[in-house]
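For reference, the structure discussed in these notes is given below.
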């Protein structure tokens, strides 16, 4: 049986994309760990990362993230709307498959001790891992935040960490580690900048003040958007579903003459939570989760249903689903990179098969060399799928930076320009690699078996599409770049790359 654990570390950095990238990269170095999601918010100045994998691997990844965050984040210079105690603020472990909540408690305790041993960052345990009843609630541990706890822990033994010396790390604070069930982070935005209204609504709906069971809430000031937000954690979405929270916030907001202008889910959400909400608002009669296409397909693939789709389609579907979502990334840049990777993979297939044929014995050496080149190109372009999406995320993060003072405006503009250059550089790398592939596939035609001519031509068409699609993404980013010399150089190179794939293969007329 698989043993899968989810970990959702929260880092006190949501404005500098390069720091978040470095933290995520440190965690992704651990074999067997999968990055499921990452979300950054400039107003909160906080990033939420979702990892999954075997317990031991996920635990090690979390440790590396804590270490990298301690290097890059200085809480003495940090400010944001979200309360925080540490550079790595919380590290919760959630059982997914083949693992119990008790197993996650043991993992949390192990990771907490190791955080202290490696980095000398003190640790508090919360939720199911709490060593004191009052510390099951995160708010009790974090009360006073970094600045307040830093002073109080020196004189009040009741505030001492569970692991480590009775003092906070000078710049990384303390980390709260725990084990819990799945939690949904859900924010509702109001069409008012009055933070007092959001705070009153949060007080009315949270369980600790007599509101909804399994709901935690606070009011947050979204200065960049001139809005107030009710920031909510749902600790049991089946007992208190999303739609019930939404409706209560809506009614409470109407009492103050304000309305909801939107809501957001931070990180990932179980499909069941969305099904419950859809069922409620559509008032579906006799609705069953088995009527959801993806649920039926999953059951079929796992052997719990009657029919199963083809395996190759199942491999492609996750990426197709990601592109089809109503979000800006992954978008055209990632699709262009995928087209290039597919082109390289076709070249790899043709070279690998051709060198085994007796009729192509004279070309074994160049085919072997070409095979290695296509393999490398495929891996590089596949990596560009994520790099392009991440580069776009850096642009969006830069646009969300504060711009209250003249200095903040200057820093924001510098960050935007730097991020835009990065967003143009990634598709340019894709275009370069794909143009080279286009030419290499043309050279492969004379060395390969005649029966594979169609595969080569499809590969060249994909390479051409990759170049053209990547260049489109280069041009769209250059429109907003103020560095004239940089933009001119990029445009000139882009036009040259387009000229290299101008002669695309034409199918033979039968």
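The values are calculated or read from the model by the stated rules, or taken from the named source; none is laboratory data. Here the structure is a predicted model, which is why all the values come from computation and not from measurement. Backbone-built Cβ (ideal geometry, glycine too); neighbour counts: all protein chains shown.
Can you pull out the residues in region 183-227 that are at pLDDT below 95, under 19 Å from residue 44 (Cβ atoms) and in a helix (DSSP H, G or I)?
Hits for region 183-227 are 223, 224, 225.
Mind checking which residues of region 120-141 are assigned to a helix (DSSP H, G or I) and under 23 Å from residue 6 (Cα atoms)?
The answer is 135, 136, 138, 139, 141.
Go through region 361-389 and report how many residues are buried (at least 17 other Cβ atoms within 10 Å of the Cβ) and over 36 Å from the mean Cα position of the chain (by Cα).
2
Just to check your reading of the model, which residue among 153, 177 is in contact with a strand residue (DSSP E or B) (Cβ under 7 Å, 6 or more places away or on another chain) and farther than 30 Å from residue 255 by Cβ?
Values: 153 fails: in contact with a strand residue (DSSP E or B) (Cβ under 7 Å, 6 or more places away or on another chain).
The match here is 177.
Name, by its number, the condition in (1) out of contact with any strand residue (DSSP E or B) (no Cβ under 7 Å at 6 or more places or on another chain); (2) assigned to a loop (DSSP other than H, G, I, E, B) that does not hold for residue 99.
Unmet for residue 99, out of (1) out of contact with any strand residue (DSSP E or B) (no Cβ under 7 Å at 6 or more places or on another chain); (2) assigned to a loop (DSSP other than H, G, I, E, B): (1).
How many residues are under 25 Å from residue 11 (Cβ atoms) and either under 20 Å from the mean Cα position of the chain (by Cα) or in a loop (DSSP other than H, G, I, E, B) (or both) if we restrict to region 254-272?
Within region 254-272, residues that are under 25 Å from residue 11 (Cβ atoms) and either under 20 Å from the mean Cα position of the chain (by Cα) or in a loop (DSSP other than H, G, I, E, B) (or both) number 8.
Exactly one condition in (1) touching a residue at least 40 places away in the same chain (Cβ under 8 Å); (2) more than 21 Å from residue 62 (Cβ to Cβ); (3) surrounded by 15 or more Cβ atoms within 10 Å (Cβ to Cβ); (4) assigned by TED's automatic domain parsing to the domain that holds residue 120 is false for residue 170; which is it?
Residue 170 satisfies every listed condition except (3).
Among (1) surrounded by fewer than 20 Cβ atoms within 10 Å (Cβ to Cβ); (2) within 25 Å of residue 40 (Cβ to Cβ), which single condition is residue 160 missing?
Failed condition: (2).
Restricting attention to region 150-172, report how many residues are closer than 20 Å to residue 131 by Cα and not in a loop (DSSP other than H, G, I, E, B).
So the answer is 5.
Hey, among 56, 147, which residue is surrounded by fewer than 18 Cβ atoms within 10 Å (Cβ to Cβ), at negative phi, part of a helix (DSSP H, G or I) and over 26 Å from the mean Cα position of the chain (by Cα)?
Being surrounded by fewer than 18 Cβ atoms within 10 Å (Cβ to Cβ), at negative phi, part of a helix (DSSP H, G or I) and over 26 Å from the mean Cα position of the chain (by Cα) holds for just one of 56, 147, which is 147.
Under 6 Å between Cβ atoms, at least 6 apart or on separate chains: pull out the pairs that start in region 451-462 with a residue that is at pLDDT 90 or above and end on any residue that is outside any helix (DSSP H, G or I) and crowded, with 18+ Cβ neighbours inside 10 Å.
If the second residue must be outside any helix (DSSP H, G or I) and crowded, with 18+ Cβ neighbours inside 10 Å, the pairs left are 457/505; 460/505.
Is it the case, given these coordinates, that residue 353 is out of contact with any strand residue (DSSP E or B) (no Cβ under 9 Å at 6 or more places or on another chain), in the same structural domain as residue 481 (by TED's automatic domain parsing), in contact (Cβ under 8 Å) with a residue 40 or more places away in the chain and farther than 22 Å from residue 38 by Cα?
yes
Evaluate the following for residue 114: is it in the same structural domain as residue 61 (by TED's automatic domain parsing), in a helix (DSSP H, G or I), within 26 Å of the chain's Cα centre (by Cα) and more than 18 Å from residue 62 (Cα to Cα)?
Answer is no for this residue.
A quick yes/no check of all residues on (1) surrounded by 19 or more Cβ atoms within 10 Å (Cβ to Cβ); (2) within 25 Å of the chain's Cα centre (by Cα); (3) assigned to a helix (DSSP H, G or I):
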| position | (1), (2), (3) |
| --- | --- |
| 393 | yes, yes, yes |
| 404 | no, no, no |
| 410 | no, no, yes |
| 423 | yes, yes, yes |
| 436 | no, no, yes |
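Within region 72-86, is there a residue that is at pLDDT 95 or above, under 17 Å from the mean Cα position of the chain (by Cα) and assigned to a helix (DSSP H, G or I)?
no
Name every residue in region 193-204 that is surrounded by 18 or more Cβ atoms within 10 Å (Cβ to Cβ) and within 29 Å of the chain's Cα centre (by Cα), in order of residue number.
Matches in region 193-204: 195, 198, 202.
Specify which of the listed residues (196, 217) is farther than 21 Å from residue 127 by Cβ and touching a strand residue (DSSP E or B) at 6+ places or on another chain (Cβ under 9 Å).
Testing whether each residue is farther than 21 Å from residue 127 by Cβ and touching a strand residue (DSSP E or B) at 6+ places or on another chain (Cβ under 9 Å) leaves just 196.
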